[in-house]
1. Tell me, what is the FRET efficiency for Ala65 and Leu27 to the nearest 0.05, using R0 = 56 angstrom and their Cβ-Cβ distance as r?
2. Return the calculated 222 nm mean residue ellipticity for the chain, to the nearest 500 deg cm²/dmol, obtained by summing -39500 (n - 2.57) across DSSP H runs with n ≥ 4 and dividing by the residue count.
3. With the crude spin-label approximation of a point 7 Å out along Cα→Cβ, what separation in nm comes out for Glu138 versus Leu306?
4. Relative to the compact globular guide of 2.2 N^0.38 Å, what is the alpha carbon radius of gyration of the chain, as a ratio?
5. Which value in Å is the Kirkwood Rh of the stretch 307-348 over different Cα pairs?
6. Once the Cβ-Cβ distance between Ala242 and Ser273 is put in as r, and R0 is 41 Å, what FRET efficiency do you end up with, to the nearest 0.05?
7. Under the Kirkwood approximation for Rh and a Cα-based Rg, what ratio Rg/Rh is obtained for the stretch 252-379?
8. Grab the other residues whose beta carbon is less than 12 angstrom from that of Val148, score K and R as +1, D and E as -1, and report the net.
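Only the coordinates and a few stated rules stand behind these numbers; no lab work does. Since this is a predicted model, take the numbers as computed values, not measurements. Counting neighbours? That spans all protein chains shown, and the Cβs are built from the backbone with ideal geometry, glycine included.
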Amino acid sequence: MENASAPPSARTAGTLISSLDITPEELQLAVRNHSMPLEALRYAITPVGLHYLLIHFDIPSVDVARYELVIGGHVTKPLRLTLDDVKARPATTIAVTLECAGNGRALLQPRPMSQPWLSEAVGTAEWTGTPLASILEEAGVRAGAADVVFTGLDRGVQGGVDQHYERSLPLADASRGEVLLVYAINGWPLPPQHGFPLRVIAPGWYGMTHVKWLRSITVTDRPFEGYQQATAYHYRTSGDDAGAPVTRMLPRALMLPPGVPDFMTRARFVEPSEQVIEGRAWSGHAPIVGVAFSEDGGESWSQARLEDSFSPFAWRRWTFRWDARAPGEYELCARATDVEGNTQPLDQAWNLEGVQNNAVQRVRVLVGRADATQVPADSR
């Protein structure tokens, strides 16, 4: 970790990448992965090529003719299923919003050393597959079962541990009707980078749970303690802190920035006018019930208009008519609240791994003629 002993900042930084000392190691991660351009928020269903992507180790090579999914462990009837076996089962398609648990990590100071996400590691797709619950039922889960472990074909070393990527869900969560073994995205077979030939989709959970390139499903009679479950993906503030495991997505709203961007800073230029600001909001804990909009960095708020969600597991579109006729500099913010009362914080509390960062988005906007407006010096 980078400077883990330094005092954490309570506020996310709006500092330029040039002053963040991005390392070659982080660049290696960044060029393998990609976030969703904010302008893609205009799509209810994110086109596959724009959906965020995190490849933890390498994309494995899979020979479909020899592929089998092994279901075993604490069951009475172990199963071995080919891809055709899975596809022959009852199919369902649901729209699901996925977000990386480390979304926003690069805005923390000091910055945790890992994939340097800003705020766009998200996407919503229509996933087609078969419910896991019926497969578990057929395998005959024994009394006393605790977890369902998903093991991917991807392998690597992390924390000094040689491992296949593995995550688990408690049996009760894995048995929910919306948890799917999927083989298609947006009506097309899974591409290699999204988990071909088979992956897990667990709506509401952060992206680390949706194991790709699925190799096996193992029911255990005790809590799973693999590296990705017991060590990684924990909210902790020091190396001595066991921390709390990351689970479901916290509420977040993102806006499609108005106007046109400055190439380097991404500051926005808007001609004096009335602007319809739009975006999407989601939560993995409960349905979104409100999005507030601010033009002054969060000093004052107004309620945006929410549209109905087309899926209980997908983001909701919101809009706000912003009076941008007065020239000047503005800091636009959006803030989501779900039905359980969970609301985005204005500032992000620092943590060692840089996870669960759902502080409000901040977009600098300069109202006036773009060719006559200078980007403020402190944003260069």
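1. On the way: r = 37 Å, r/R0 = 0.67.
The computed FRET efficiency comes out at 0.90.
2. Details: 4 runs with 26 residues, N = 380.
Counting only the DSSP helices, I get -1500 deg cm²/dmol.
3. Using points 7 Å along Cα→Cβ, the separation is 3.9 nm.
4. Details: Rg = 21.6 Å, N = 380, 2.2 N^0.38 = 21.0 Å.
The chain yields a ratio of 1.03.
5. Working: mean 1/r = 0.0744 Å⁻¹.
Evaluated over the stretch 307-348, this radius sits at 13.4 Å.
6. Details: r = 52 Å, r/R0 = 1.28.
So, using R0 = 41 Å, E works out to roughly 0.20.
7. Result: Rg/Rh = 1.00.
8. Details: positive: Arg167, Arg176; negative: Asp147, Glu166, Asp173, Asp221.
That sum, taken over residues with Cβ under 12 Å, equals -2.
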